[in-house]
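Q: My structure is below; once you've seen it, I'll send some questions.
The values are calculated or read from the model by the stated rules, or taken from the named source; none is laboratory data. All values derive from a computational prediction rather than experimental measurement. Glycine gets a Cβ as well: all are built from the backbone with ideal geometry, and neighbour counts include every protein chain shown. These accessible areas exclude ligands, DNA and RNA; they are computed on the full protein's heavy atoms, side chains included. Shrake-Rupley method; radii C 1.70, N 1.55, O 1.52, S 1.80 Å.
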Amino acid sequence: MESDTEHYDRQDTNSWMYRRFELISKLDPLFYENYNLGGQYLMVVKDDLVGADQLMRRGLEFYPEDVSLNWHMGFLWAYEMRDTKKAYPFFATVSNKPNRPAMFDNMFARLKAEVFGARDAYEFALESWRKLPIDSPLKQRLEVNLYSLKAEIDLACLNENKIGCEKMDFEGKPYLNEKGVWKSSKPLIKTRLNFREKKS
């Protein structure tokens, strides 16, 4: 997985990384980590959303009640594909599991109302990031996304002079205030953790 971190722009299942994960699934159909980590890798690092969907969907044939696979499939459809109807059944499966993420219930309530925001995407990504090994390339990529997404949330709050805004970035460093405008000390990327603006 560390050998290829370039994005895959086409909407098909022809990326070579997807083909590797697909082959592993045929050689060892019960190899859970292939579906769980491979699906996340395709979604977050490669931006291969079609491949991620196909791989995790295959995993759900063997592990239909798995919290992580359903959780990530729900995220893929709700935030990356922006299709709440297709996301709902996956999140609904997670909703009745005692080991669901702590912030899930609030997020699921928002999904049912079709209200999404940057903070929801941030909380989801943060939950996933915390569970990954420290040397994982997936964790490193998520960290870049998390930094930019948190800065986007915080700087919007600070520059709109709202109350209770956070003044520290994802790395625990203070944001900069230059002539009344709050900025990040690092360049930000356009996050691929897509989200809808909240409805007013």
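Q: Can you name the residue in the stretch 134-187 that is hydroxyl-bearing (Ser, Thr, Tyr) and not in a helix (DSSP H, G or I) and, of all such residues, is most open to solvent (accessible area, probe 1.4 Å)?
A: Of the residues in the stretch 134-187, the ones hydroxyl-bearing (Ser, Thr, Tyr) are 136, 147-148, 175, 184-185.
Now narrow it down to the ones that are not in a helix (DSSP H, G or I): 136, 175, 184-185.
Details: Ser136: 16, Tyr175: 13, Ser184: 23, Ser185: 62 Å².
This residue is Ser185.
Q: Condition first: in contact (Cβ under 8 Å) with a residue 40 or more places away in the chain and surrounded by fewer than 24 Cβ atoms within 10 Å (Cβ to Cβ). Now tell me which residues in the stretch 23-43 satisfy that. Before you say what the answer is, go through the steps one by one.
A: Narrowing the stretch 23-43 to residues in contact (Cβ under 8 Å) with a residue 40 or more places away in the chain: 37, 40-41.
Residue satisfying the conditions is Leu37 alone.
Q: While we're looking at this one, here's another question. Could you tell me which of the residues Lys112, Lys46 is modelled with pLDDT under 90 and surrounded by 18 or more Cβ atoms within 10 Å (Cβ to Cβ)?
A: Numbers: Lys112 fails: surrounded by 18 or more Cβ atoms within 10 Å (Cβ to Cβ).
Testing whether each residue is modelled with pLDDT under 90 and surrounded by 18 or more Cβ atoms within 10 Å (Cβ to Cβ) leaves just Lys46.
Q: Moving on. Yes or no: the stretch 60-67 includes at least one residue that is at pLDDT 90 or above, aliphatic (A, V, I, L, M) and either out of contact with any Gly (no Cβ under 7 Å at 6 or more places or on another chain) or crowded, with 24+ Cβ neighbours inside 10 Å (or both).
A: Keep residues of the stretch 60-67 that are at pLDDT 90 or above, which gives 60-67.
In the following step, the residues that additionally are aliphatic (A, V, I, L, M) were identified as 60, 67.
Pick out the ones that are also either out of contact with any Gly (no Cβ under 7 Å at 6 or more places or on another chain) or crowded, with 24+ Cβ neighbours inside 10 Å (or both) and you get 60, 67.
So far as the stretch 60-67 goes, yes, one or more of its residues are at pLDDT 90 or above, aliphatic (A, V, I, L, M) and either out of contact with any Gly (no Cβ under 7 Å at 6 or more places or on another chain) or crowded, with 24+ Cβ neighbours inside 10 Å (or both).
Q: Just the residues that are open to solvent by 80 Å² or more (accessible area, probe 1.4 Å) and under 23 Å from Glu22 (Cβ atoms), please, taken from the stretch 68-105.
A: Listed by number, the list holds a single entry, Lys86.
Q: Same structure again: Out of the residues in the stretch 18-31 meeting the condition of being in contact with a Ser or Thr (Cβ under 9 Å, 6 or more places away or on another chain) and not acidic (Asp, Glu), tell me which one is modelled with the lowest pLDDT. Break it down into steps so the answer makes sense when it comes.
A: At the first step, the residues of the stretch 18-31 found to be in contact with a Ser or Thr (Cβ under 9 Å, 6 or more places away or on another chain) are 19, 22, 31.
Okay, now just the ones that are also not acidic (Asp, Glu), so 19, 31.
Working: Arg19: 89, Phe31: 97.
Only one residue fits best here, namely Arg19.
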